[in-house]
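Here is the structure we will look at.
What follows is calculated from the coordinates using simple rules that are stated; it is not laboratory data. This one's a predicted model, so the numbers in the text were calculated from it and none came from an experiment. Cβ placement follows ideal geometry from the backbone for every residue including glycine, while neighbour counts extend to all protein chains displayed.
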Amino acid sequence: MSVKFSREVYGWDRFSKISLTVGIFLFVTRYAMILGIAIIIYSIWRSKSSRVRGRNNTKFVFENTKRGVHHNMDNLKKNIKLINIKKNMELINKKIKNDMELISNKIKKYKPMESLKQRRKYIITSCPKCQQKLRLPKGKGKIIATCSKCSSVFRLKT
C-alpha cells in the first residue's frame, strides 16, 4: 500500500515550496503567526494531496502569473534603460552643440592676416620671471618693459 500511496501523491512543486517558505517566514517573524500557520498547513496538504489534476491547474496558474511578473519586470528594466539612453543622448547633443559653438567662435576669431600685420609692427616676448607673453613695439631700440602680470621690470632691445 505504501508504494501505491507514494505514486498517487502530488509532491512538492515550486508553488508548494514558496508557500511553505512564506508561511515559515510569517510564523518566525510573528507578523502574522496565524496566517503563517495556515499557509504552512496548506502547503503540506497540497504536497500530500492525491488530486493531481487540481494541483496541476493551480501550478499552471502560478507559473503563468510568475511568468507575467517576470515579463513585466523585464519590460520595466528595458524602459528604464531606454530612459537613461535618452537622457544620455540629450546630454551628448547639448555637449556637441556647445563644442560646435566654440569651434565656430574660434573660426570667426581666427584672422591670419591680422596676426601677420601685428608681427610686422610688434615683437612678442615673454617675461623672464613668470613667462607671461608680452607684445612690444618693434624698432624702438632699447626699452624698459614692465610685465602686466608680475610687475617685474626688465630691459629689452626691439
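I'd like to check something: does the stretch 41-49 contain any residue that is out of contact with any strand residue (DSSP E or B) (no Cβ under 7 Å at 6 or more places or on another chain) and either over 30 Å from R14 (Cα atoms) or exposed (fewer than 10 other Cβ atoms within 10 Å of the Cβ) (or both)? No, because not a single residue in the stretch 41-49 is out of contact with any strand residue (DSSP E or B) (no Cβ under 7 Å at 6 or more places or on another chain) and either over 30 Å from R14 (Cα atoms) or exposed (fewer than 10 other Cβ atoms within 10 Å of the Cβ) (or both). If you filter the stretch 113-137 down to residues that are of a type in the set (A, V, I, L, M) and surrounded by fewer than 10 Cβ atoms within 10 Å (Cβ to Cβ), you find that the one that is farthest from C150 (Cα to Cα) is M113.
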